[in-house]
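Quick notes on the structure that follows.
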Amino acid sequence: AMADYTGLSFTGVDNGDGTWTARIYAEFSAASDELDAVFGDSDNMLSISSNGAGFYQNALGGPVSNSINPALIPLFPSLALDSWVTIGLEDSTGNNMLNIGIDWSGFEGGGDITSNNGSWFATPDDPQVLAGADLRVMVGQFTLLGTDSTVSGVLNLQGKQGDFETFQAFGQTFS
């Protein structure tokens with residue numbers, strides 16, 4: 001049963017410098033719904049890719065949101081455009097997200113993310129997993145090189161509905 005997970009959505013912003021930034025969200029129907037993990041397994045590949053010149057990666061950033069130090073952004077504004085994955089939060093402040101089994105080297109070089117045995121996740125007792133008032137949990141920020149570039153992917157999600165029943169949603173696509 002996954003009645004309270006309603007799908008994936010995105011926002012996009014033209015950065016005015018030949019790049020644009022997309023944020024991908026898992027949408028829910030109740031504030032108490034949770035997104036606990038994004039994963040790939042042997043039956044359900046995880047993939048995120050660009051059809052263009054790739055993803056912008058800042059040398060001071062990293063592949064996951066908790067590698068973004070918000071104190072550095074005023075000194076290095078381009079750090080705010082770094083590409084990363086997350087469960088709900090956009091920097092290291094209060095961020096307890098973990099990851100296992102994903103080789104980030106291609107992504108950190110501007111390339112794709114793929115995994116058939118990895119996950120990024122936060123535990124259900126971390127507030128960052130909750131859909132909250134806006135009824136969504138961010139799963140990633142991707143800055144694309146070239147305004148005609150696109151980002152697309154296939155995600156597998158696990159979380160809890162408001163009644164605390166665990167759900168899994170396989171093969172969730174976005175573009």
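The values are calculated or read from the model by the stated rules, or taken from the named source; none is laboratory data. Please read all numbers here as calculations on a predicted model, not as lab measurements. Here the Cβ is made from the backbone with ideal geometry for all residues, glycine too, and neighbour counts use every protein chain on show. Remember, those area values only see protein heavy atoms, side chains included, never the ligands or the DNA or RNA. Shrake-Rupley method; radii C 1.70, N 1.55, O 1.52, S 1.80 Å.
See the values below:
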{"item": "Matching residues, region 118-137, being on the phi < 0 side of the Ramachandran plot and open to solvent by 10 Å² or more (accessible area, probe 1.4 Å)", "result": "Ser119, Phe121, Thr123, Pro124, Asp125, Asp126, Pro127, Gln128, Leu130, Ala133, Asp134, Arg136"}
{"item": "Hits in region 121-136 (condition: farther than 14 Å from Gln161 by Cα, assigned to a loop (DSSP other than H, G, I, E, B) and either within 14 Å of the chain's Cα centre (by Cα) or among the aliphatic types (A, V, I, L, M) (or both))", "result": "Ala122, Ala133"}
{"item": "Yes/no for Gly106 being small (Gly, Ala, Ser), open to solvent by 10 Å² or more (accessible area, probe 1.4 Å) and part of a loop (DSSP other than H, G, I, E, B)", "result": "no"}
{"item": "Complete set of residues in region 161-175 that are surrounded by 17 or more Cβ atoms within 10 Å (Cβ to Cβ) and outside any strand (DSSP E or B)", "result": "Gln161"}
{"item": "Of all residues making up region 1-41, the number that are open to solvent by 40 Å² or more (accessible area, probe 1.4 Å), among the polar types (S, T, N, Q) and either closer than 18 Å to Asn99 by Cβ or within 14 Å of the chain's Cα centre (by Cα) (or both)", "result": "1"}
{"item": "Inter-residue pairs, beta-carbon under 6 Å, first closer than 19 Å to Asn51 by Cα and in region 154-175, second open to solvent by 50 Å² or more (accessible area, probe 1.4 Å), 6+ apart", "result": "Val154/Thr173"}
{"item": "Sole exception among (1) open to solvent by less than 70 Å² (accessible area, probe 1.4 Å); (2) in contact with an Asp or Glu (Cβ under 8 Å, 6 or more places away or on another chain); (3) in a loop (DSSP other than H, G, I, E, B) for Gln158, by number", "result": "(3)"}
